[in-house]
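Derivation of every value follows stated rules applied to the coordinates shown; laboratory data play no part. Fair warning: this is a prediction, and the values are worked out from it, not measured in the lab. Cβ atoms come from the backbone with ideal geometry, glycine included; neighbour counts cover every protein chain shown.
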Amino acid sequence: MQESELNYFKEILESRKEQIIKNISGVNAELAQLSSLELNDEADHAAMNNNSMVESAIVSQQQRELREIDVTLAKIVKGDYGICEMCEDPIGFQRLKVKPHAIYCIDCREIVEKSS
């Protein structure tokens, strides 16, 4: 992969990482604010619990993506970026444009998904 392409993906990944960190901080602040509210009835408690569960699930998914991005940024530094972890062939440019932190090429991704 050319240096300009690596820089392109590195910028995308770093930008996404910043966005995720802001999102997680915002959700955590919102959850803290919700927990400090005085709730008057069971409906308020139910609504708050529902919101908390949804937001916790979002945070969990974003934390997983953040870990994947960190691993991918390390691969860029090591020179391993864009190589499928299963077959060790290059991951297509178009696939990386869609998911810059992809670890499998299209064919191997389908195999992994079918075996899950």
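Taking neighbour counts of Cβ atoms within 10 Å as a proxy for exposure, in what order, fewest first, do 86, 1 appear?
With the fewest neighbours first, 86, 1 line up as 86, 1.
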> What spacing in nm lies between the two simple spin-label points modelled at residue 106 and residue 4, each 7 Å away from Cα in the Cβ direction?
Replying inline: 2.4
>> I want the local charge near residue 84. Using Cβ-Cβ distances under 10 Å, sum +1 for each Lys or Arg and -1 for each Asp or Glu among the other residues.
In response: -2
> Residue separation times 0.36 nm, minus the C-alpha to C-alpha distance between residue 87 and residue 25: what's the value?
Replying inline: 18.6 nm
> With all pairs of different alpha carbon atoms counted, what Kirkwood hydrodynamic radius in Å does segment 68-116 show?
Replying inline: 10.9
